[in-house]
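Below is one structure; the comments refer to it alone.
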Amino acid sequence: MEKLKGLDLEGKKILDAGTGGCNMTKFLEDWGAEVVSIDIRGDWQKECREIASQSEFITGDLTNMSFLKDESFEYVVCNFVISALSQNKNLFITSALREFYRVVKKQGMLVIIDYYPFEAELCPGPCDNLQIELWRLENTVSEMLGKGHLEEFSPAVIEKELKCIGFSETDTSILMEEVPWPIDLFKEHEETIKQNIGYVEEEYLKNAFRKKLNDIMDKVEESVVKSGSIYELRAQK
Ligand SMILES: C[S@@+](CC[C@H](N)C(=O)[O-])C[C@H]1O[C@@H](n2cnc3c(N)ncnc32)[C@H](O)[C@@H]1O
C-alpha cells in the first residue's frame, strides 16, 4: 500500500495524529520528517520513544490540542484514527478536524488514511455482507452499554466536512480495494461482542444478540469474506 505517495516529507514538520503502535511516526521519521506524535493514551510512549527516537511524543486529545500553536505543521497525518475517534460520533470527529485545520500551516495539508467498511452500495438497509453484519452487531451491543464503537464515516462525508471547515481542495484515492477479513479477525470481534453481551441485563436481548452472533459466525466458517477499502484523503488548507 503506497501511502503519502509523491509528498515531499523530508525536513517537514509533521503532526502524526494518533500515535497508536507508532507505525506512522516511524515511517515519517525514516523519511526525514520532524514529527510530533500525539495520542490520548500515554501507555505506549516508552516503547515508541525507542522505535522513533527522533520524534516528540505527547499525550493529548486530538479534539482539543490547545497545547499546540496555530499553523505549526506542514502536514497533519491521521493514519487509521478517524475510525477510532468514535465516542461522540459526528461532534467528536468535527472537533478533531477543526483542530487539524487550526494547526496546519497555510498551503499545508491534512492526510487522512483510513478503513471504510461500508461501500455506498452496500450501505442502505439489511445486507448479506458478514463483516458489515458483525460490525453492526458490535456497534449495537456497545451502544446499548453506553460504550464507544467504530464509525462508518465515508470519505465523501469527511470531504464535505473539511470543505465546511475551510480546507480549499480535497481529494480521495483508494489505496486498497476490498480488504479481506481473515477468520482470526472475525474471531477477535466475536470475543469482544460475546464479552459485551455478557453485560446486557435483559435475558431476551442477550438471547437475540447471541443468536445473531452465532448465525454470522456459522456463515463465516464457510465463506471468504471481503469488506470495504482503504482510502487516502488529502485536504489542502
Ligand atoms: C488504530 S490506532 C492508530 C494507528 C497509528 N496511527 C499507526 O500508524 O500505527 C488509533 C489510535 O487513535 C487514538 N485515539 C483515539 N481517539 C483519540 C483522541 N481523541 N485523541 C488522541 N488519540 C486518540 C487511540 O488511542 C489509538 O492509539
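Things worth noting here:
- Restricting attention to the range 28-56, the residues being more than 13 Å from the ligand (Cβ to nearest atom) and hydroxyl-bearing (Ser, Thr, Tyr) number 1.
- Selection from the range 70-85 of residues that are more than 7 Å from the ligand (Cβ to nearest atom), open to solvent by 10 Å² or more (accessible area, probe 1.4 Å) and touching a helix residue (DSSP H, G or I) at 6+ places or on another chain (Cβ under 9 Å): Asp70, Glu71, Ser72, Tyr75
- Hits in the range 20-54 (condition: among the hydroxyl-bearing types (Ser, Thr, Tyr) and under 15 Å from Tyr75 (Cα atoms)): Thr25, Ser37
- Among residues of the range 96-109 being over 11 Å from Gly166 (Cβ atoms) and in contact with a Lys or Arg (Cβ under 9 Å, 6 or more places away or on another chain), the one that is nearest to the ligand (Cβ to nearest atom) is Val103.
Yes/no per residue for (1) in a strand (DSSP E or B); (2) open to solvent by less than 60 Å² (accessible area, probe 1.4 Å):
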{"position": "Ser173", "(1), (2)": "yes, yes"}
{"position": "Leu185", "(1), (2)": "no, yes"}
{"position": "Lys194", "(1), (2)": "no, no"}
{"position": "Gly198", "(1), (2)": "no, yes"}
{"position": "Tyr204", "(1), (2)": "no, no"}
{"position": "Asn207", "(1), (2)": "no, no"}
{"position": "Lys212", "(1), (2)": "no, no"}
{"position": "Lys219", "(1), (2)": "no, no"}
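- Candidates Thr19, Thr59, Thr25: the one that is surrounded by fewer than 22 Cβ atoms within 10 Å (Cβ to Cβ) and either near the ligand (Cβ under 10 Å from one of its atoms) or at pLDDT 95 or above (or both) is Thr59.
The values are calculated or read from the model by the stated rules, or taken from the named source; none is laboratory data. Owing to the predicted nature of the structure, the values given are computational and were not obtained by experimental measurement. Cβ atoms come from the backbone with ideal geometry, glycine included; neighbour counts cover every protein chain shown. Keep in mind that these areas ignore ligands, DNA and RNA; they rest on the heavy atoms of the full protein, side chains included. Shrake-Rupley method; radii C 1.70, N 1.55, O 1.52, S 1.80 Å.
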